[in-house]
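See below for the structure under consideration.
The values are calculated or read from the model by the stated rules, or taken from the named source; none is laboratory data. Computed from a predicted structure; not experimentally measured. In this analysis, Cβ positions are derived from the backbone assuming ideal geometry, glycine residues included, and neighbour counts consider all displayed protein chains. Just the protein is used for accessible areas: all its heavy atoms, side chains included, with ligands, DNA and RNA removed. Shrake-Rupley method; radii C 1.70, N 1.55, O 1.52, S 1.80 Å.
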Amino acid sequence: MQNGGMDPDHPLPLDPRSLLDFDPEHAQLLCAGQRSVMVGAAALGSLRKELLEAFGVRVARRVLTRFAYAHGHGLAERLREALPDLPRPELGVLGSRLAGLQGHLLLRLGRGRPGDGPAEVVWAYSWEADEHVRQVGQVDYCACWTLSGFASGFLSALHGEAVYSVEHECVAKGDPICRARTGRAATWGAGLDEHLPYFHGEGLGDSLDEVVAALKRAEGRLRARARALAAAGAEAGEAAGVVSRSPAMRRALDLTRRAARADATVLFSGRSGVGKERLARLLHGWSPRAGGPFVALNCGALPEYLVESELFGHARGAFTGAIHDRAGLFEAASGGTLFLDEVGELSPAVQVKLLRALQEREVRRVGENKTRRVDVRIVAATHRDLGRDAAEGRFREDLYFRLRVVEVRVPSLAERPEDVLPLARVLLAEAALRLGRPPPPLGPAAADLLTRHAWPGNVRELENALERAVALAAGPRVEPEDLPEELRRGPAPAGPAPRPPAPRTLADVEREHVLATLAAHGGNQTLAARALGIGTTTLYRKLKRYRADDESAAAPPGAPPARAPWP
């Protein structure tokens, strides 16, 4: 069975367009004698999005796969009835050509040829992958579910036995093209088992029961988390990882709560690891946008040429590798919050476009001319002093003021020592839940080490130290040997104070700067003088004086001065 009987290179004596007929008097489009309906890809994409939002990926995939399976199965049966003398390979190619005429995809041979296992085919120009990206954005799973269902249903009816087509590469998850493996059930082996429930088995009611069961499991995990936090001594209403016993942290948390009520832009500032993203997530959860998505981007983690595409999206063909339209994070966060971490790392070019997006509430994808309205709240964070950067020209001043409508300064852990132990107990409980272990209490000696440590890595360092302690604790509680070595070692003993350097004269500083500038310009005095902002004659006099000083310093007493090497 070459490619499941759908080899696109197989000769075809019949023009597939002859099977399509339109009767305008009765508003009927016929395919192989049966009435068909043309539906726009955007409408099908909207249906897909509704299913995903209402029921999740598993149920949406199951519904769309089975719908398309029935469609493909019925088409194959109609072709066999209408063309009983046409051999099976030709019927298979006819089905693939009809799928192309209907705008589904273009079928091509994949890598290699079929042997004992499933054959590989390429689904080029898949409407489904493009529409999934447009409606949902890039995902981490294959999304051509109706194509899988259609091909499987058509081939099963064509061959009179179970045939399955399963996608393993997809444009929707960032692959360059959509590829599927197609073959009889007997040739698949165990690799087919995980996909079979999407083709057959329980109905939608059972799928909804599965969703309810998943919600109950999630509710159970939340109750377990709440019990663990209560046992750890977390105050009522205190979010995990945002303990606020200290006045400084209470002020930051109160300002976050008040800022959440309005839709203003918020800037969280503070050193790395203090918990800025935790507060941003709290702000989103307390805001009227809590039902929408929270989308985060670390602006310093991507190269400059990718940040613009990531934020605003791109059109197909906008640059090398842009093989399909892709929505940006502004669109993906529609109705919710877009969190820009380390916003101070954005390039000047992206800063300009971000400012416009904030002011106009619209974005333009890379490679497109039209703008798209967006409904998103921007929350940013930085460890830099953006005010100083703006004053010194390293960050746009207008963008800085647009981002800090409300600024929340998050104190470092060293500034809130009274939070260390309560926070440690909460983080211990969280780490124990993640690792599936009972939360161990802190031993007195371990607690003393935690309070004496300077915590240069802030909350992130504390969290990692306690996760290590939960993983390594051999006894009923956390002891010093369970903590990282730098905590057990303690601060380095203070040595004698270093002797301050002798003060330098203004003449020495000037001489060093002049000679360094001259060296940077390869000894060219004209260029060096221009860089220093002085005349060439002035520079010549200075160099002459420096040379004389060096010669007098290098000569022994009573000896004539030796000439030093000078440019």
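Less than 5 angstrom separates the built amide H of Asp375 from those of Gly335, all sequence-distant by 5 or more or on a different chain. Near the amide H of Ile323, within less than 5 Å, lie the amide hydrogens of Gly317, all on another chain or at least 5 residues away, with H placed in the peptide plane. With a ≥ b ≥ c the root eigenvalues of the C-alpha gyration tensor of the range 374-436, is it rounded (a/c under 1.5), prolate (a/b larger than b/c) or oblate? In terms of gyration-tensor shape, prolate. Applied to the range 323-337, the Karplus parametrisation 6.51 cos²θ - 1.76 cosθ + 1.60 on θ = phi - 60° returns per-residue 3J(HN,Hα) values of 8, 7, 5, 9, 6, x, 5, 4, 6, 5, 8, 4, x, x, 10 Hz, with x for Gly and Pro. Taking θ as phi - 60° and the Karplus parameters 6.51, -1.76 and 1.60, the scalar couplings of the range 524-536 work out to 6, 5, 5, 5, 5, 4, 5, 5, 7, x, 10, x, 5 Hz in sequence order, x denoting glycine and proline.
Near Val478, the amide H atoms lying under 5 Å from its own belong to Leu442, Gly443; only residues 5 or more places off or on other chains count, and H is placed 1.01 Å from N.
The heavy atoms of Lys370 offer some 120 square angstrom of accessible surface to a 1.4 angstrom probe. Computed from label points 7 Å out along Cα-Cβ, the spacing between Arg530 and Leu196 is 7.9 nm.
With +1 on each Lys and Arg Cβ and -1 on each Asp and Glu Cβ, and nothing else charged, work out how big the dipole of the range 315-428 is about its Cα centre, in Debye to the nearest 20. Before the final figure, lay out each step's value.
Numbers: 20 positive and 18 negative charges, 106 e Å.
Using only the charged Cβ atoms, the result is roughly 500 debye.
Compute the FRET efficiency between Ala507 and Tyr141 as 1/(1 + (r/R0)^6), taking r as their Cβ-Cβ distance and R0 = 56 Å, and round to the nearest 0.05. Intermediate values should be presented prior to the final figure.
Values: r = 70 Å, r/R0 = 1.25.
E(calc), rounded to 0.05, equals 0.20.
Residues Val405, Val133, sorted by accessible area with the largest first, give Val405, Val133 [1.4 Å probe; ligands and nucleic acids excluded]. Protein heavy-atom accessible surface, 1.4 Å probe, per residue over the range 263-350: 38 Å².
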